[in-house]
Structures are given as C-alpha cells and as structure tokens.
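Okay, so here's the structure we're looking at.
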Amino acid sequence: MTDQSSTQPILAADGVPLKKSLSRALRRQKMRALLLISPLLIFVMLTFILPIGNMLFRSVQNDIVSNIMPNTVIALQDWMPDGDTLPDETVFEAAFYDLFVAAKAKEHTKLGTRLNYEQTGISSTFRKSGRGISKPGKALAKDMAGIDKSWSKAATFDALFNARSGGTRSGGADTTLLRAQRDRLNQLKGKDYKGDIGFAPSLEMAMALPMASREYTYWALFMALEKDKDFKKGKVSEAIYVALADDLTNPALADRIAGLTGPDAELIQKTAAAFRDRPRISYTDLMLGVNENWGNPMVWETIKLHSPAYTGGYFLNAVDMRKTLEGPAIQPENKQILIILFQRTLKMSLIITVSCILLGYPVAWLLANLPVRVSNLLMILVLLPFWTSLLVRTSAWKVMLQQQGVINEVLVWLGIVADNNRLEIINNQFGTIVAMTHILLPFMILPMYSVMQTIPPSYMRAAKSLGATNWTAFWRVYFPQSVPGIGAGSILVFILAIGYYITPEIVGGTEGVFISNRIAYHISSSLNWGLAAALGAILLAVVLVLYWAYDKIVGIDNVKLG
Amino acid sequence: MATANENAFVKFDRVQKSYDGETLVVKDLNLELPKGEFLTMLGPSGSGKTTCLMMLAGFETPTHGEILLDGISINNIPPHKRGIGMVFQNYALFPHMTVAENLAFPLEVRNISKSDREAKIMRALDMVEMGSFASRRPAQLSGGQQQRIALARALVFEPELVLMDEPLGALDKQLREKMQFEITNLAHALGITVVYVTHDQTEALTMSDRVAVFNDGRIQQLASPDQLYEEPENSFVAQFIGENNTLHGEIREINKKKAVVQLDSGQLIDCKPVNVNKVGDRTCVSIRPERVEYNQKRMQKGAHTLKAEVLEFIYMGDLFRTRLRVAGNDEFIIKTRNAPDQTRLQPGQEIEIGWLPEDCRALDA
Ligand SMILES: Nc1ncnc2c1ncn2[C@@H]1O[C@H](COP(=O)(O)OP(=O)(O)OP(=O)(O)O)[C@@H](O)[C@H]1O
Ligand SMILES: [Mg+2]
C-alpha cells in the first residue's frame, strides 16, 4: 500500500495531477513569451535564417543541367567516357532536341554559363549551337514544302496531330504524351503550367510518327502556355521537320505509315515516298554540323560529370579543386586563387585583430581608469567613427594614403621620402590593414572597456602594496583579468574582419582583397552563385570552427561584453 | 604607551589632503605611533579614515605635510617600496590565482627562492588555520576564509607595518568577533604595528591599544579605549562612543574641578568640566546610562538626584533598559543590571534618579 501511494502522482487542489497543471501554467507563460518575441523571430527567420539556408542549399544545388537537358542527362548515363570515344547516337538525338527546345526557350545560355565554370569555352559552344540549331530543320522544311506546300503551314500540323481538331484521326488522344511534354516544359522553365490548350496528340499519329508527334505536342504547349500564341497559325518549329524526317526515314515505322488512312494520310505517304531513298537522319552529324565542338568528348564528359541534381563541385571549386572522372583533382595552376584568398583573409584578419588589440588596449585602459568627465569625452572620440558613414571613412583613407595623398605629401615635404619614390601604402595589403584596423577599432575597445571597468582598482593597489612594481602589478594582476575583454573584442573583430567587403574593395587593390570580395564578384559579376554560396558556406564554417576552438581554449563563459 | 618623538614608528606631521582643491578631506593630521602598537582609526563614513590609510600606503599623496616611517619621510617613496602590508575592505584577492599563488605573489616579486617561499606560505596559511586551502581559488572560499587569506597575504612577507581598511566589514557578527580576536592575537604575537580602520566602535574598543576618533577630517580624540569611553573629551566622542545621555544647559559657575550647569528645564546640577571655559557658555552634559542609579539603596553618597518619569521598560536579559523623561529629555536611557534585588519599573511611574558629579561631564555644545 505504501509503495503504491509513493508512486501515485501528486494532485493539485482541483484533482489534476500536479505535473500536468504545472505544465499547463508554464505553457501559458511560454506562449506569452513566444508571442512577445514573435515579431523578431519572424523577422530573423525571413531575413537571416531563410537566406542562409537558401545560400547553403545553393552551394550544392545543381539541377540546372538535368532541368535544361533532361533527356541528354538520362541518355548519358549509359555512356562511359574514356577520353576519346564520343557518346552514341541516342545521346546526340536527345541533345539535339534538348538543345533546340532550350534555345527556343532562351535557356541554353544559362546552362552554357553554368558549365563554363567547369570547362572554359563551353558557353560559346552553347551560344553558337543555340543560333545554329534550327538550320538543319530549316533545310528539311524547305524540302518538304517542295513536296507539298501545305507543310509550311502550322494548320496542317494541327490537323495531322491534334486528336481534338476535326475528329479525322481515330484511336483517341495520347494523354500520356501530352502530360510528358507538359512536364518537359514545366521542368525547363521552372513553371507549373496546367489547363487545357485545346490540343491533345492523336494516339494513332503518335504510333505512326512518334518523334514528330512528340515535338509537335511540345511545340503546341510551348506556344500556347509560354508564348501565349495561337499554335495553329504561322509556322511550326524547325525541330518538328527534323523529327518528321526522322520518322519518315525510320524503316521500323514504314508499315505504320503505309497503314495510315484518312484525308491527311496521303500527304504523309507522299512525303514518305519522296524521303524513302534518303539515308536515316543522323543526329551525330546534325550536331557536328551545328558546332564541331560537339565532336569533342570533353564536352560530353563535362555535361555528364555535372549532371547530378546535387553536387559537391562548387565546394571543390571553392578550395581550388574540380570534379573529374577520376574524382576530385587540383585545379590547373592558373585557376588557383581561392585558397590563396582564404589564407590571405585569415592572415590579414589576424593582423588586423592584433593591431586592434595593441592600439585599443591602452585606450580602453584609459577609458576605464580616467575620471568620468574625461573618460566620457574620450568615449565620444571612440564612438565618433560610428557616427560617420563607413564609406566616408574608407574614402577618407583613400585620400590619406594614396600616392598624391596627405601622408605622402607630408613625407615628401618633410624630405623623408623622395618625390619620385613615394610610398605605396594603398591598393595593397598595408592599405587594407590600416583602414580596417581603424574601422574595427571601436569593436575591440568597447568590450575591453566594459571588462576593465569591472576590475576594481584595489587589485592593482593590493599588488603594489605587496611589493610589485607598476609593470608587474599590471602584467600579473590587471592584464590576466582583462583577458576576457580581449577575447571578446578579438572574436568580434576577427569575425567582422573575415567577412569584410567594402573596405578591402575600396583600398585593397588586387593584393589586399579578401575572400568576401571574391564572393561578391561571383554574386554580381560572374553570376556563379553556386560557387559564391560554397565560399560563403566555407567562410561560415571557418567562423564556427574558430568560435568552437575559442570556446574550447578560452571558454565562451569567459567572454564578457559588460 | 609613551609616545616620545624619537621612538615614533609612524608619524603624520601636519598632514592635509584635498582631492578637489576646494575642500580638505584631512585637516591638519598629527599622529605618532610606536612600534608594535595596534591603532584604530574610528569615525563615521566620509571622515577621511581611508584617505589617511591610503596616504600611508602611498596610493594618495598628502597635499601638505609629511608622513614619516621609522624616521624617514616616505612622501616620495612609491607604494611597492614601502614594505607595508595591507588588507583591503573587499580583500582584493587576485581571482585568477589560487590561494597559494596569491600568497606567493609578494614573495616572488621579492625574488625569494622557491623553497623559502613554500615554507613561508605554509607558515602563513597555518597561522590563519587555512593550511588545507592552498590550491583553491578565492571564489571557492567563504567570506571569512577569504578574509583570512587576505590577512595571511598581507603578513606573509613579514612587514613591520600592516594596514587594514575595514577588513571585517563584510562578515556576520559572530565571525567578526572571532576574527577580531584572531587579528589582535596575531598582531601581538608577531609584534607588528597595525593601523586599523573601522566605523564599528565595539571593534575599535575591543581590538586596539589606542583609538583615533575621526570626524570631519580631524582626530577628535586619540586615547586608549577605556579613556575614550570613560573620559570623552568632546561631545562628538561622547556621542559616538557607546551610549550616552545628553542634557543641554548653560554654565553658571566654573572652576577646575567643578562646574554648575543650569539645565534648560531650570534644575542646577554639578558636573565635571571638560572642555568648557567660562560662565554663560552653552554646554552638553554627558552621562553614561550605566552610571545612572534609581535604586535608593544603591545610590552612592554625594549623588545628584533628579525627578524622572518612566516612559518605557525593556527587558534585555542581562540588562534592563529604561527610557525616561528627565529634564525635558524624552530619550534619557538608563541601564541596570538584572540583579535579584533590582526592581522592575513600570511605565508612568515617577522615580528619582541619581549619579555622581564625576560621571557627569560638561562638554562643548
Ligand atoms: N578619490 C577621491 N576623489 C575625490 N574625493 C574623494 C576620493 N576618495 C574619497 N573622497 C572623499 O573624501 C572624503 C573622505 O573619504 P574616505 O574614503 O577617506 O572616508 P572614510 O572615512 O574611509 O569613509 P568610510 O567609512 O565610508 O569608508 C569623502 O567625503 C569622500 O567623498
Ligand atoms: Mg573607507
């Protein structure tokens, strides 16, 4: 009995178990607290967590290849690159239509740009191919129009392939094909088109002329949904002629074509007869005709290598490596720059942090130990930089440090340096260090000051009364107690410095830029957002690792900001 | 306790101190203390005690005058060369060092060899009964333990003069009494000279050889504890030290031994003149509560009697404390021992109280 009573939950006055009523009471408190912070939480989520998550995601995201050339990517799966054999006809076929479709939708240059990060020059292949891809189709269209003029009209194709146009085709509509082509369009444009466009591919035609059916279906969807035009008017795309020629020269389809009936069957059979003695369409030749670079196995290798939807390639690039068939490899010498930039960023941030400590410590000490009236004045001087624009301050350094600038003029005037031998103190690492030390100094002084303020003067007095000289008292007693302030300031300054952008950009020249300038370059100029994201992610990781190491060594509890 | 000039170990010679150039925090301080003396500076808050101590330690410079240590002026000697041990109010134990490191600090800066150092540290720690705490950090010690360590640290380098600024201020009453006892014992055993600052008069009276009562930047009286209590030289000291009854009046007659004072309520009483000069001066008559008697059987011969009305009677165990109205003063306190034959007074009762004229001191108003 006693056992049982001890395991029984304690009840509150109203008979509800105490734990439950406590947690209910706490829940209300928590809800209220949550409500209070929710504006900030939402703000931080929207402006900080989400962008960072997005950035981290971008650094591995690579669906552009499989979105723009989906069939090529699938076809390439069976191809084993060995350095000099080209992929087979199926790959070229898939690539021809993928590229054509992409060129019409103006998506091919994006892919070219993406792949150009991996293999320089590939983007021009894509650009040129985009222009030349409709040539073979044009020639065929001319040939067919020579056989029958109606081939040049879009209406003819609608009548041929549309199961819903006049009901001339028996066997109903191929909804599977319709859906597949709609998906193809959606994938390419990253859209989510739905709805009826008044077209459904005829099942009978899809059997007899599968390629042409497929390309026409896509074309109809593309015109109606993406271009918002009437696909029954004007001309059809050149790819459809290529597809049609392919079907007509395909011996496997000869029986089906011969078996077609109905008003349009004659047109097809007539054209088929005219094409009978032509060789089967070779997409390999077609593509090589468009651009001879497609004959380079390297191009295909690059496409295959970078076709997975998720890639570590950006991260490899970020550390001067690249993906190859044999796995990660070092970038060629002339492309190695990022490791150097990372090293430089770390080294210079360290120098800046140390300079900030050396310059800031005495100031913080004065602030903490001068009479209030004087220290307030000094504090205003320390805070003054916060009240002027960062850009103004950095530009001021430009004025100060340049070859015709204040410092050089003064030195020349004093005769310390020769007029023709002025000091180069800007557009290099020195300029960056000077300007950034100045800009980040308050971030070092303030935490040091607030820690020093908490050190009672009696410690120094005690040390002196025990026989220590001023220096010993400072070094053995005061300094160790101010270390947490140095730590806090250093973390702050170092982390700010490592990601600094604007100042190195203005005063750094080429020698003094940081990794963040490279990130900015990839974001705004080269548009290689994946690499920028990978660099950013690495920077973030470095900061977190340093933070962790600092916590291990110094202990984050020892960091006091006040 | 002879304070002849030549054997003064510490000497303040007409020392003045001003922080702001407008007010004097210490006004004309003259003080001599011989080797081995335990001197306490007692006074209300802001009376300049810490300032005096800081000048002696070298952290403040006198605005005027000289401080001599062992006959040598130390005005220009920096604090670390003075060799004065110091215990601070907040102990000022270095938080980043262990107890042993704290104690080693003054020895290290004096380049004492490691083995000597360890021996001295152990001796100092044993002295304050903290031998087993050597490896602790100050934050891991209780207030009383920190206090002992601070004391040990001030003593470990064997200074001849030790300054203590309210070292027991942060401790509770019981611990404080224990530490008072230990500090005095240690000081006497080691034969060191101590200047001790406090504003707790019991502490001052129980610990010191002599007490300097500070007020308003001046020493009001410098005397042994019993003298201070029994023979206050002015009304400030009388009020400040112990409990005291004051009656206001005017001098009617005065000679070397006796003064007749007419109280504001009209009665005439005989007093011992202390710092009153002439007839007609206003005066504060001071009587200690335990020197007042109301039990007629115990009343001494020659006692002076006055009528009084009982306002309040407080039983305090060993004592009875009675508040009376005497000569228009509602705050007249008497203390009587709880003896078997002692009567307990009732509020409202009219009684007659009396004291000897020697116990009744006519002081400045
Ligand atoms: N550093 C200083 N600057 C200016 N005035 C000061 C300074 N230190 C003390 N004073 C002033 O000097 C006077 C005496 O101060 P001191 O610290 O000597 O008093 P104390 O007797 O030790 O008081 P307590 O019992 O409160 O410690 C006070 O009025 C105080 O305001
Ligand atoms: Mg004080």
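Inside segment B:137-168, can you point out the residues that are within 16 Å of ligand 1 (Cβ to nearest atom) and either away from chain A (no Cβ under 13 Å) or more than 25 Å from the chain's Cα centre (by Cα) (or both)? Within segment B:137-168, just B:LEU168 meets the criteria. Might you let me know whether segment B:66-79 holds any residue that is within 16 Å of ligand 1 (Cβ to nearest atom) and not in a helix (DSSP H, G or I)? Yes, segment B:66-79 contains at least one residue that is within 16 Å of ligand 1 (Cβ to nearest atom) and not in a helix (DSSP H, G or I).
Among the criteria (1) within 16 Å of ligand 1 (Cβ to nearest atom); (2) away from chain A (no Cβ under 14 Å), the one B:ASP270 does not fulfil is (1).
Checking each residue in segment A:320-337 for being in contact (Cβ under 8 Å) with a residue 60 or more places away in the chain and in contact with a helix residue (DSSP H, G or I) (Cβ under 6 Å, 6 or more places away or on another chain) picks out A:ARG322, A:LYS323. Residue count for segment B:51-63 satisfying the condition of being crowded, with 20+ Cβ neighbours inside 10 Å and not hydrophobic (A, V, I, L, M, F, W, C): 3.
Does B:GLY169 meet the test of being of a type in the set (Gly, Ala, Ser) and more than 16 Å from ligand 2 (Cβ to nearest atom)?
Values: of a type in the set (Gly, Ala, Ser): yes; more than 16 Å from ligand 2 (Cβ to nearest atom): no.
Considered against the rule, which asks whether it is of a type in the set (Gly, Ala, Ser) and more than 16 Å from ligand 2 (Cβ to nearest atom), B:GLY169 comes out as no.
Yes/no per residue for (1) among the acidic types (Asp, Glu); (2) surrounded by fewer than 21 Cβ atoms within 10 Å (Cβ to Cβ); (3) within 16 Å of ligand 2 (Cβ to nearest atom):
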site: B:ASP216; (1), (2), (3): yes, yes, yes
site: B:PRO225; (1), (2), (3): no, yes, no
site: B:GLU233; (1), (2), (3): yes, yes, no
site: B:ILE241; (1), (2), (3): no, no, no
site: B:GLU250; (1), (2), (3): yes, yes, no
site: B:GLU253; (1), (2), (3): yes, yes, no
site: B:ALA259; (1), (2), (3): no, no, no
site: B:LEU263; (1), (2), (3): no, yes, no
site: B:GLY266; (1), (2), (3): no, yes, no
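Name the residues in segment B:312-341 that are surrounded by 14 or more Cβ atoms within 10 Å (Cβ to Cβ) and in a loop (DSSP other than H, G, I, E, B), would you? Can you show your working first?
Applying the first criterion (surrounded by 14 or more Cβ atoms within 10 Å (Cβ to Cβ)) to segment B:312-341 yields B:313, B:319-327, B:329, B:332-336.
Result: B:ALA327, single match.
Can you confirm whether B:ARG218 is under 22 Å from the mean Cα position of the chain (by Cα), within 16 Å of ligand 1 (Cβ to nearest atom) and more than 14 Å from chain A (Cβ to nearest Cβ)?
Working: under 22 Å from the mean Cα position of the chain (by Cα): yes; within 16 Å of ligand 1 (Cβ to nearest atom): yes; more than 14 Å from chain A (Cβ to nearest Cβ): yes.
Yes, satisfied.
Which of the residues that make up segment B:14-37 are surrounded by 20 or more Cβ atoms within 10 Å (Cβ to Cβ) and out of contact with any Asp or Glu (no Cβ under 8 Å at 6 or more places or on another chain)? Across segment B:14-37, the qualifying residues are B:VAL26, B:LEU29, B:LEU31, B:LEU33. Of the residues making up segment B:329-346, just one is farther than 16 Å from B:ARG291 by Cβ and of a type in the set (Lys, Arg), namely B:ARG344. The single condition from (1) on the phi < 0 side of the Ramachandran plot; (2) within 16 Å of ligand 2 (Cβ to nearest atom) that B:ALA139 fails is (2).
Out of A:SER395, A:SER375, A:SER389, which single residue is surrounded by fewer than 19 Cβ atoms within 10 Å (Cβ to Cβ), touching a Leu at 6+ places or on another chain (Cβ under 8 Å) and either more than 28 Å from A:MET55 (Cα to Cα) or not assigned by TED's automatic domain parsing to the domain that holds A:LEU111 (or both)?
Working: A:SER395 fails: touching a Leu at 6+ places or on another chain (Cβ under 8 Å); A:SER389 fails: touching a Leu at 6+ places or on another chain (Cβ under 8 Å).
On inspection, the qualifying residue turns out to be A:SER375.
Do you know which of the residues in segment B:84-136 that are assigned to a strand (DSSP E or B) and among the β-branched types (Val, Ile, Thr) is nearest to the other protein chains (Cβ to nearest Cβ)? The extreme case among them is B:ILE84. The listed residues are B:THR50, B:THR40, and the only one of them that is modelled with pLDDT of 90 or more, not in a strand (DSSP E or B) and not aliphatic (A, V, I, L, M) turns out to be B:THR50. When residues in segment B:54-65 are screened for being within 14 Å of chain A (Cβ to nearest Cβ), small (Gly, Ala, Ser) and outside any loop (DSSP other than H, G, I, E, B), 1 of them pass. The set of residues from segment A:178-203 being closer than 12 Å to A:ASN162 by Cβ and either buried (at least 23 other Cβ atoms within 10 Å of the Cβ) or in contact with a helix residue (DSSP H, G or I) (Cβ under 7 Å, 6 or more places away or on another chain) (or both) comprises A:LEU178, A:ILE197, A:PHE199, A:ALA200, A:PRO201, A:SER202.
Could you check segment A:231-245 and list, in sequence order, the residues that are part of a helix (DSSP H, G or I) and crowded, with 24+ Cβ neighbours inside 10 Å?
So the first thing to find is which residues in segment A:231-245 are part of a helix (DSSP H, G or I), and the list is A:238-245.
A:ALA239, A:ILE240, A:TYR241, A:VAL242, A:ALA243, A:LEU244, A:ALA245, listed by residue number.
Considering segment A:451-511, the qualifying helices (runs of 4 or more DSSP H), each wholly inside and each with 1 or more residues that are in contact with a Phe, Trp or Tyr (Cβ under 8 Å, 6 or more places away or on another chain), more than 14 Å from chain B (Cβ to nearest Cβ) and without any contact (Cβ under 8 Å) to a residue 60 or more places away in the chain, run over A:479-498. Pairing each residue of segment B:196-211 that is within 14 Å of ligand 1 (Cβ to nearest atom) with any residue that is at pLDDT 90 or above and basic (Lys, Arg), provided the two are 6+ apart or on different chains, yields C-beta distances under 9 Å for B:VAL197/B:LYS49; B:THR198/B:LYS49; B:HIS199/B:LYS49.
Could you list, in sequence order, the residues of segment B:6-50 that are of a type outside the set (D, E, K, R) and either within 14 Å of chain A (Cβ to nearest Cβ) or within 12 Å of ligand 2 (Cβ to nearest atom) (or both)? Reasoning before the result, please.
Initial filter on segment B:6-50 (of a type outside the set (D, E, K, R)): B:7-10, B:12, B:15-16, B:18-19, B:21, B:23-26, B:29-31, B:33-34, B:36, B:38-48, B:50.
Correct list: B:TYR19, B:GLY21, B:VAL25, B:MET41, B:LEU42, B:GLY43, B:PRO44, B:SER45, B:GLY46, B:SER47, B:GLY48, B:THR50.
Please verify whether segment A:338-346 includes one or more residues that are in a loop (DSSP other than H, G, I, E, B), touching a residue at least 24 places away in the same chain (Cβ under 8 Å) and not hydroxyl-bearing (Ser, Thr, Tyr). Looking for residues that are in a loop (DSSP other than H, G, I, E, B), touching a residue at least 24 places away in the same chain (Cβ under 8 Å) and not hydroxyl-bearing (Ser, Thr, Tyr), one finds none in segment A:338-346, hence no. Only one entry in A:GLY295, A:GLY289, A:GLY259 is surrounded by fewer than 13 Cβ atoms within 10 Å (Cβ to Cβ) and at pLDDT 90 or above, namely A:GLY295.
Go through segment A:123-160 and give me each residue that's of a type outside the set (A, V, I, L, M, F, W, C) and buried (at least 20 other Cβ atoms within 10 Å of the Cβ). Step through it out loud before you land on a result.
Taking segment A:123-160 and keeping what is of a type outside the set (A, V, I, L, M, F, W, C), we get A:123-125, A:127-132, A:134-138, A:142-143, A:146, A:148-150, A:152-153, A:156, A:158.
Of everything in segment A:123-160, those that are of a type outside the set (A, V, I, L, M, F, W, C) and buried (at least 20 other Cβ atoms within 10 Å of the Cβ) turn out to be A:THR125, A:SER129, A:GLY130, A:PRO136, A:GLY137, A:ASP158.
Only residues that are more than 16 Å from ligand 1 (Cβ to nearest atom) and among the small types (Gly, Ala, Ser) were counted across segment B:169-190, and they come to 2. Is it the case that segment B:70-84 has a residue that's hydrophobic (A, V, I, L, M, F, W, C) and within 16 Å of ligand 2 (Cβ to nearest atom)? No.
The values are calculated or read from the model by the stated rules, or taken from the named source; none is laboratory data. Small disclaimer: the values here were computed from a predicted structure and weren't measured. When we count neighbours, we look across all protein chains shown, and the Cβ atoms used for this are built from the backbone with ideal geometry, even at glycine.
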